[in-house]
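Comments concern the structure below.
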Amino acid sequence: MQNLVIIAGNVGATPETRTTQGGTKSTQFSLATSRPKRDSDGKTMKDGDGRRVEDTEWHRITCFNGIAKTVAEYVEKGQKVMVRGRIHYTRREASRRRSSA
């Protein structure tokens, strides 16, 4: 099986480029995808003005090397883009609060 995903949406912020200590360039940006929000009967929900209510999800996109350079040069906030890649999840451990009693 292959880990392949295609996402089309709107760029949420100007892409940010970084270079690792090893010299690898990476560019990150957020991508918003939307779909109609539905009620329990499966009907599209509408607001008070009769406009369709949308459910928006945000995706964090990271590009490397040559693609990172191209994205940094040509992609801007608000543009519609299509991304093809793979999904990679990272775990973040929540810091524990300690109380001094």
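The values are calculated or read from the model by the stated rules, or taken from the named source; none is laboratory data. The structure presented is a predicted model; accordingly, all values stated were derived computationally and were not measured. Quick reminder, even Gly has a Cβ in these numbers, built from the backbone with ideal geometry, and neighbours come from all protein chains shown. When the accessible area is computed, the model is the full protein with side chains, heavy atoms only, and any ligands, DNA or RNA have been set aside. Shrake-Rupley method; radii C 1.70, N 1.55, O 1.52, S 1.80 Å.
Worth pointing out:
- Within segment 45-59, the set of residues being part of a strand (DSSP E or B) and of a type in the set (Val, Ile, Thr) comprises Thr56 only.
- All positions within segment 64-94 that are modelled with pLDDT of 95 or more and part of a loop (DSSP other than H, G, I, E, B): Val75, Glu76, Lys77, Gly78, Gln79
- Exactly one residue out of Ile67, Ile6 is touching a Lys or Arg at 6+ places or on another chain (Cβ under 9 Å) and of a type outside the set (S, T, N, Q): that is Ile6.
- Listing of strands (runs of 3 or more DSSP E) fully contained in segment 1-44 that carry 1 or more residues being among the small types (Gly, Ala, Ser): 5-11, 25-36
Results for (1) more than 13 Å from Ile7 (Cα to Cα); (2) touching a Pro at 6+ places or on another chain (Cβ under 9 Å), shown as yes or no for each residue.
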| residue | (1), (2) |
| --- | --- |
| Lys37 | yes, no |
| Val53 | yes, yes |
| Glu73 | yes, no |
| Arg84 | no, no |
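- Restricting segment 40-66 to residues that are open to solvent by less than 100 Å² (accessible area, probe 1.4 Å) and of a type in the set (Asp, Glu), the residue that is farthest from Arg86 (Cα to Cα) is Asp47.
- Of all the listed residues (Thr33, Thr70), the sole one being surrounded by 12 or more Cβ atoms within 10 Å (Cβ to Cβ) and more than 16 Å from Gly9 (Cα to Cα) is Thr70.
- Test result for Thr14, surrounded by 11 or more Cβ atoms within 10 Å (Cβ to Cβ) and either of a type in the set (A, V, I, L, M, F, W, C) or closer than 25 Å to Val71 by Cα (or both): yes
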